[in-house]
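All remarks here apply to the structure that follows.
None of the figures in this text is laboratory data; all of them are computed from the coordinates on show. As the structure is a computational prediction, the values presented were derived from the model and not from experiment. With ideal geometry, Cβ positions are generated from the backbone for all residues, glycine too; neighbour counts draw on all protein chains shown.
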Amino acid sequence: MMSKKREVLAGIAGLVDAKLAQLSPVNEAWQPSDYVPDLTAPHWVEELTEFRKAALELPDDLLVVLVGTAVTEEALPSYQTSFNRLDAVRDATGADPGPWARWSRAWTAEENRHGDLLNRYLYLTGRVDMRSVEVTIQHLIRNGFDPGHDGDPYNGLVYTTLQEQATRLSHAKVGKLARQAGEKVLGQICNVIAGDEARHENAYRSFMGEVFERDPDGAVMALDAMLQKTITMPAKLMEDGSEHNIFACFSGVAQRLGVYTFTDYIQIIEEQLAVWNVAKLKQLSGPAAQAQERVCSLPHAYRRRAALYEKKLAQQPKVPFRWIQGRIT
Ligand SMILES: [Fe+2]
Ligand SMILES: [Fe+2]
């Protein structure tokens, strides 16, 4: 089975190259420095004062969600490791010249700016306990991340497509809430990050779309395998040194604020099912046809549970977060 997958993935190397060409050339790409005060500028004190004043507008719950997303982005080493566990697309040497390996490095290099920018923003605002944020990042990278793809490249592409979409939605939502609170700089920061996630989502979705064209049986079974496990969030093993399950607490706040909800997860699944035309796949083998039926019925089953699930999450007790100096939200 893996030789078929290898052949399919080698066959779409041209598309990978085309997507690589769509990424911004590095010398022209945005960098974190473009979005925070320039500390070498003659008027840096005034610039920084203005910047910090605007950040005072952010409410605690939004700060908590922002820290959670920053911590998630900062665990990038785990995501590159995860990609490099995928058969047939991994970067075998660390500087492999093949298109998949070049893609994985270019993607990582773009992603690296997200954690840097959010981290720097948080630091300069003076609104959060940076040490506690850093402790959380170190724990998360130590604890690791297992998306459950078992090294299967189709599983990995499915996971990453859904995950890029989830991060695009959540960054965009944080940006919107920041603008509503009167914090335009954070609004811009979240927009530019969400823009990257959108391009990545588009690339992974088209890679997987091509897999659906060339190997519909394998593709639908990978989609089923991943959705049956429920897509695990990359920062699930987050801990901040307190006795709380900080990931569950952060997810609860994100749910309450509408930054990322169970309904968003259902919509993501529905959208991908539609884009990949899963319901219309024909001439599938027996097991693949069963997988098709299962994945297509999933959104409906989830919708019936969504209200209850969201209510339960929204009722989660409010807890103190070390990230915001122990305040409760
Ligand atoms: Fe990112
Ligand atoms: Fe991403």
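Okay, here's what the table says:
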| read-out | value |
| --- | --- |
| Estimated [θ] at 222 nm from DSSP helical runs (n ≥ 4, -39500 (n - 2.57)) normalised by residues in the chain, nearest 500 | -23000 deg cm²/dmol |
| Residues with amide H under 5 Å from that of ARG327, placed H, sequence gap 5 or more | PHE321 |
| Between region 74-104 and region 302-327, the alpha-carbon center distance in angstrom | 35 |
| Whole-Hz couplings from phi, Karplus 6.51/-1.76/1.60, listed for region 223-231; x for Gly and Pro | 4, 4, 4, 6, 6, 5, 7, 6, 5 |
| Overall Cα dimensions of region 138-206, principal axis frame, Å, largest first | 44, 34, 13 |
| Degrees, to the nearest 10: 286-314 long Cα axis against longest axis of the chain | 20 |
| Share of alpha-carbon pairs per 10 Å distance bin for the chain, given as whole % | 5, 25, 32, 24, 11, 2, 0 |
| Within region 149-193, backbone nitrogen closer than 12 Å to the virtual label 7 Å beyond the Cα of GLU50 toward Cβ | 185 |
| Charge-dipole axis of region 126-212 as Lys and Arg at +1 and Asp and Glu at -1 on Cβ define it, positive-most pick from HIS139, GLN165, VAL128 | VAL128 |
| Lysine pairs with alpha-carbon atoms under 25 Å apart, region 2-328, spacing 8 or more or separate chains | 27 |
| Inter-centroid distance (Cα atoms) of region 160-236 relative to region 1-70, Å | 14 |
| Gain on full stretching of the segment that runs from GLU7 to ALA41 - 0.36 nm per residue minus C-alpha separation | 6.9 nm |
| Over region 16-103: Rg over Rh, Cα atoms, Kirkwood Rh | 1.12 |
| Amide H partners (placed H, <5 Å) of SER285, local residues excluded | none |
| Nearest-20 debye value, region 2-328 charge dipole, Cβ charges on Lys, Arg, Asp, Glu | 920 |
